Amino acid sequence: MQKKYEVVIAWIRRELSEGRLKPGDRIPSENMLQEKFGVSRQTVRKALSVLESEQVVRSVRGSGTYIEMERRRRKRSMRIAVMTTYVDVYIFPLIVKEIERVFSEEGYILQLAVSNNAIEKERMILKDFIREKSIDGLIAETTKSGIPNPNLSLYKELEQMGVPILFINSFYPELDTAHVSLNDREAGRMVTQHLLDCGHVKIAGIFKADDGQGHQRYAGYVDALMEADIKVKGKQVVWIDSDEVAEMREDCGRILKRIQGCTACVCYNDEVANKLAGICMDQGIRIPEDLSIVGIDNSDLARFCEIPFTSAVNPVQKLGEIAAEMMIEKLRGTGELETVELMPELVIRNSVKVITQI
């Protein structure tokens, strides 16, 4: 006995084979299909998802679902592109390795591209995907998602070609596209709250200005301070961009001036925390006696540095696994791409001093 969604699929295929629907035609709306077959919206969407995965139809946001043009139909290559900002440093090898493991087990091929967190490189990669028409899906890490991005139209073009897209680690708020990431706002709130619980009230922050994660982690920092009725002071916050992270020691004068008088500092991630620790060592500032430091991601930099520091866990392997499995289910027509934000956990080490209030 056919399942309900299979009845809808069979009808659309019959309409196409008998010429009542032609390539480029818009098929009846979801509401019309619901009424015609007496089924739920979920059943209709399941049927359309299967047909889209087979490139029989394509969905266009705000317009409807169309029979795919003949020139766009092609055999599935079992190839999914993964575009990351970096590949061999920090947390990125773990993410890519986990995605590759899932793809390999399911018979899919990973096509890796690296943007180097440069908008121009991201644009070149996306144009190649569009021109070559060689990928079935795209898992992409956003490039400088905290500032306006001129490449968003290319993502939309890929979606219109029937290539499902899933963002990882962050997302572009201007696009209605699912993402899998850490709940960055909660991570920022969590590490700040830990400093408050340890008696700190003068808490500085260093955040990245050019990516969405930096904005979200800053928002969590602000949430915790405001919940504790502590005034958020802009002069105690340092904003840096991606290129400036590597140059933090050279910029130590500005950074130290901003955090002067504070007993603790929330760092955008473990890399920034590690750079700040180096500045403190250069200047004779003791950690945690003179300055407490917390990071985010719980990377090797947090665990194996000279003074291991407290950090919020970014479950990057789970993140990669979820993204890979979700994309495969989408391509097989057995699932949809949905936003998933993983909750952080706090790992406490030796970088925070407990202040006893008298």
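The alpha-carbon positions of segment 115-211 define a convex hull whose volume is 105 Å³ per residue. For segment 293-358, the C-alpha radius of gyration divided by 2.2 N^0.38 Å, with N the number of residues, is 1.63.
Send over a whole-number figure in Å² for the accessible area per residue of the chain, probe 1.4 Å. Walk me through the numbers on the way to the answer.
Details: 16970 Å² over 358 residues.
Here the per-residue accessible area is 47 Å².
Within the straight-line cut-off of under 30 Å between alpha carbons, the lysines reachable from Lys202 are Lys144, Lys231, Lys233, Lys235, Lys257, Lys275, Lys353, sequence neighbours fewer than 8 places apart in one chain being disregarded.
Note: relative contact order over segment 311-357, using C-alpha pairs below 8 Å and six or more positions apart, is 51 percent.
How large a share of the accessible area of the chain, in percent, is made up of carbon and sulfur atoms when the probe is 1.4 Å and the other protein chains stay in place? Working shown, then result.
On the way: 8350 of 16970 Å².
On the chain, the fraction of accessible area on carbon and sulfur atoms equals 49 percent.
Averaging over all projection directions, find the projected area of the Cα convex hull of the chain and quote it in nm² with one decimal place. Working shown, then result.
On the way: hull surface 84.1 nm².
If you wrap the Cα atoms of the chain in a convex hull and average its projections, you get 21.0 nm².
Compute the relative contact order of segment 1-53 as a whole-number percentage, counting only Cα pairs closer than 8 Å that sit 6 or more residues apart in sequence. Intermediate results must be reported in sequence, preceding the final value.
Values: 26 pairs, mean separation 24.3, N = 53.
Answer for segment 1-53 is 46 percent.
Taking the C-alpha atoms only, the angle from helix 184-197 to the longest principal axis of the chain is near 20 degrees. Counting 0.36 nm for each residue step from Ser40 to Ile109 and taking away their Cα separation leaves a gain of 21.3 nm. Of the GluC sites (Glu not before Pro) found in segment 113-213, those in coil by DSSP whose Cβ has at most 15 other Cβ atoms within 10 Å are Glu174.
As an exercise, identify the chymotrypsin sites (Phe, Trp or Tyr not before Pro) in segment 251-315 lying in DSSP coil whose Cβ has no more than 14 other Cβ atoms within 10 Å. Mind showing how you got there, number by number?
Working: sites: Tyr268, Phe304, Phe309; in loops: Tyr268, Phe304, Phe309.
In loop regions of segment 251-315 (DSSP not H, G, I, E or B), the sparsely surrounded chymotrypsin sites (Phe, Trp or Tyr not before Pro) are Phe304.
Quick one: what do you get for segment 1-69 if you divide its Cα Rg by 2.2 N^0.38 Å?
For segment 1-69, the normalised Cα radius of gyration is 1.01.
Please report the antiparallel percentage of the DSSP beta bridges confined to the chain, to the nearest 5. That works out to approximately 15 percent antiparallel.
Scan segment 254-335 for trypsin sites (Lys or Arg not before Pro) in coil per DSSP, keeping those whose Cβ has at most 15 other Cβ atoms within 10 Å, and list them by number.
Arg286
Per DSSP H run of at least 4 residues, take -39500 (n - 2.57); add these up for the chain, divide by its residues and hand me the 222 nm value, nearest 500 deg cm²/dmol. Let's see the in-between values first.
Values: 13 runs with 149 residues, N = 358.
Per the formula, -13000 deg cm²/dmol.
The values are calculated or read from the model by the stated rules, or taken from the named source; none is laboratory data. Since the model is a prediction, treat every value here as computed from it, not as a measurement. Glycine gets a Cβ as well: all are built from the backbone with ideal geometry, and neighbour counts include every protein chain shown. Keep in mind that these areas ignore ligands, DNA and RNA; they rest on the heavy atoms of the full protein, side chains included. Shrake-Rupley method; radii C 1.70, N 1.55, O 1.52, S 1.80 Å.
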